[in-house]
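The values are calculated or read from the model by the stated rules, or taken from the named source; none is laboratory data. Predicted model only: the values in this text are computed from it and were never measured. Cβ sites come from the backbone with ideal geometry, for glycine too, and all protein chains shown count toward neighbours.
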Amino acid sequence: MRAVENAWAELATRILNGRGENDPINAASSYCNAAHAAAIAARLAALESCRTALLMQPPDMLALRCHACSVATDSWARRETLSAALQRIGEVEEGATPWLESLPEPAPVDTAENPVVLVFDAVSADVWLCAQKALGENSLPFEWCRLGAEPRTIPALCALFDLDPADNPADVLPERGMDFQSIDGTESAAVTDLVAFDPKRPSVVHIAAFDRAAHAGARMRLCDMPAALAAMIERHVRPLETMCAKQKRPLVVTADHGLSWGKKGLTHGNGGVYERALFLAKNPPEAKA
Ligand SMILES: [Zn+2]
């Protein structure tokens, strides 16, 4: 097994150093123990995902970070695997800057039609992309925009609702006739069972799990977030789609800001594409003028 570990770690570092461009990796293992074979195949698949992401353009290329995190935090990885991953991610971030700058800032949420706005706290572009891939044909149609405000919860939420950056949305939104409620997101019940929605009032639901995980350190790795997000979309967004369609009100799904990943773990506040590129999913999508 040791030789297999070493060979994988060697290949991981080579790919993350950008030296595996042309050779697809066959994610299969002929190891006789089925559990071992599956674990090796999954590790090889992660390397192949890194390799193919490096061949893409932004925004798709941003998915590299989740795959590289899964490789670099693997128990088989070496210290140089993490250094190579962080180096490569830094290059991807830099390369994606023109794309980020080309994005529009989101227009503040229009409250006239009593929308339901689901805000995932601290979900980055790569986590969103990988979650959409996991959802397959059930993925949500969305567009990209660029957070203009400081990538922290309160200023970002204020920008989304056109509030003064010194305001606290939890206090000010109810004063303006909007419900503001917060859930963790990992509850087993759907948001429609956790929160009361008044059909006559716009409603904001803030989902705290990812930001909490980032600040709590080991609660969730970056590469564990896409599966958690996909599960939350299935659990919370599906019943909201049904409810909003019945009540003829728009549903908006977005994030306040994303997260940077580095030697100190997950942080936000310094900017960069993984903090500022925001997904914006609207149902029904706005009619193009
Ligand atoms: Zn936040």
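A quick yes/no check of all residues on (1) part of a helix (DSSP H, G or I); (2) more than 15 Å from the ligand (Cβ to nearest atom); (3) not basic (Lys, Arg):
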residue: Asp171; (1), (2), (3): yes, yes, yes
residue: Phe180; (1), (2), (3): no, no, yes
residue: Lys200; (1), (2), (3): no, yes, no
residue: Ala213; (1), (2), (3): yes, no, yes
Members of the range 57-79 found to be surrounded by 16 or more Cβ atoms within 10 Å (Cβ to Cβ) and either over 21 Å from Ala125 (Cβ atoms) or among the basic types (Lys, Arg) (or both), listed by number: Arg65, Asp74, Trp76, Ala77, Arg78
Out of the residues in the range 125-136 that are away from the ligand (no atom under 16 Å from the Cβ) and either outside the structural domain of Pro155 (by TED's automatic domain parsing) or not basic (Lys, Arg) (or both), which is surrounded by the most Cβ atoms within 10 Å (Cβ to Cβ)? Asp126
Only one of (1) part of a loop (DSSP other than H, G, I, E, B); (2) more than 16 Å from the ligand (Cβ to nearest atom); (3) among the hydrophobic types (A, V, I, L, M, F, W, C) does not apply to Ala122, and that is (2)
Within the range 254-289, count every residue that is more than 15 Å from the ligand (Cβ to nearest atom), part of a strand (DSSP E or B) and crowded, with 23+ Cβ neighbours inside 10 Å. 1
Residue within the range 15-35 that is part of a helix (DSSP H, G or I) and touching a residue at least 60 places away in the same chain (Cβ under 8 Å) present: yes
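Here is a yes/no grid of residues against (1) over 16 Å from the mean Cα position of the chain (by Cα); (2) within 23 Å of Pro174 (Cβ to Cβ); (3) modelled with pLDDT under 95:
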| residue | (1), (2), (3) |
| --- | --- |
| Pro104 | yes, no, no |
| Phe120 | no, yes, no |
| Ser124 | no, no, no |
| Leu129 | no, no, no |
| Pro151 | no, no, no |
Only one of (1) of a type outside the set (Phe, Trp, Tyr); (2) within 16 Å of the ligand (Cβ to nearest atom); (3) not in a loop (DSSP other than H, G, I, E, B) does not apply to Ala149, and that is (3)
When Leu160 is evaluated against the numbered criteria (1) in contact (Cβ under 8 Å) with a residue 24 or more places away in the chain; (2) more than 16 Å from the ligand (Cβ to nearest atom), which criterion, by number, is the only one it fails? (2)
